Amino acid sequence: MFEKVLFPTDFSEVSRHALKNCIPQLFEVGAKELYLVHIVDITATDIEAIELMKIDEGELNRIAEEIRTKGIKVNPIVKIGIPSLEIAEIAQENNVDLVVMPSKGENILRQMFLGSTASNLVRATKKPVLVVKYEWDEEKEEIKCLSNCKEIFKRPLIAVDFSKCSEKVINAVKKFEELIEEVTLIHVVDYGKHEELEKNIETAKVKLREFAKFFKVSSKTEVLTGIASHSILGTALAKDSSLIVVGKKGRSVIKDLLLGSTAERVVRDSKLPVLLVPCE
């Protein structure tokens, strides 16, 4: 399991909901230590930043105490700086296993990948990022999580492209294999000439079965054709997956995302949690 978890909070309603519900559930299934991080944006003036830091330290420590009452080891950290870079640095310095990031609403990811703190964090960090989806419950008039965080890791759908990136994706999933009931491995053939399609599909099936051997749990494989993001999302629904796992490519991620990469489309359109695994 991902034992050391980092959660960056901005004290928003979604963030507080995640800390009250989702984060404790992750600790019920094996997480051991929480790094609770808040960054005071350096764009504030020096005086404002210092004053904000004192106020925010008090609030973060209060939240940390609440979480400790649930038996969770918490390390609250407040810093001044550029949020995405500071969070990525803290994750690296403390060698965390996972960064958990909640997202709300159908447009949040589009905004996120166009330059917000979250988008920059996804690009900057070398750690896996778990994006957990939230939306507004009209009936109850409150924020709700679209997943049971205690069951996120039970039925992962793993997208692989047979590159070196795929090995890192598999290794990331292996970290929580003890929680898995069944894995679904998917590869989408969206390359090659038309006359090569049948051969590419058969080759992919063989490779995918080899990847399945890395897991001791029950596994299924799916080789599909078409638009990769559509195939991944559709299969996740059909297989009743609890999580989608995809790799994200290094420094070019923002360019890729602006062009509409598979990872961006999956994260943007999925109502399931998405685990983004860095490939560099």
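Values as computed for the structure displayed
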read-out: Most fluctuating residue given options Leu36, Leu146, Leu197, as computed from a GNM of the chain linking Cα atoms under 10 Å; value: Leu197
read-out: More than 27 angstrom apart: percent of Cα pairs within the chain; value: 40
read-out: Low-density loop cleavage sites - GluC sites (Glu not before Pro) in the range 135-215, where at most 11 other Cβ are within 10 Å (DSSP); value: Glu138, Glu139, Glu141
read-out: Percentage relative contact order, the chain, counting C-alpha pairs under 8 Å, at least six apart; value: 19
read-out: C-alpha center-to-center spacing [the range 150-169, the range 182-247] in angstrom; value: 11
read-out: Gain in span if fully extended, Ile42 to Thr69, counting 0.36 nm per residue against the direct Cα distance; value: 6.5 nm
read-out: DSSP loop chymotrypsin sites (Phe, Trp or Tyr not before Pro) with at most 12 other Cβ within 10 Å: longest gap in the chain; value: 12-190
read-out: Cysteines, the chain, no other Cys beta-carbon under 4.7 Å; value: Cys145
read-out: Efficiency of FRET from Cβ geometry, Asp240 and Asp269, R₀ 25 Å, rounded to 0.05; value: 0.90
read-out: Selected from Ile23, Ile87, Ile143 as most flexible by GNM, with the chain as the system and alpha-carbon contacts under 10 Å; value: Ile143
read-out: Modelled FRET efficiency - R0 35 Å, Glu33 with Glu198, Cβ distances, 0.05 increments; value: 0.10
read-out: Ellipticity estimate at 222 nm from DSSP helix runs (n ≥ 4, -39,500 (n - 2.57)) divided over the chain, nearest 500; value: -11500 deg cm²/dmol
read-out: Cβ charges +1 (Lys, Arg) and -1 (Asp, Glu), total dipole of the range 153-278, debye; value: 400
read-out: Residues of the range 123-154 with amide N under 17 Å of the 7 Å Cα→Cβ point at Lys174; value: 128
read-out: Full-extension gain in nm, His230 to Tyr191, via 0.36 nm per residue minus C-alpha separation; value: 12.5 nm
read-out: The range 117-194: trypsin sites (Lys or Arg not before Pro) in DSSP coil with no more than 10 other Cβ atoms inside 10 Å; value: Lys140, Lys193
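Every number in this text was worked out from the coordinates using simple rules, so none of it is lab data. Because the structure is a prediction, the values reported are computed rather than measured. Here Cβ is always computed from backbone atoms with ideal geometry, including for glycine, and neighbour counts include all displayed protein chains.
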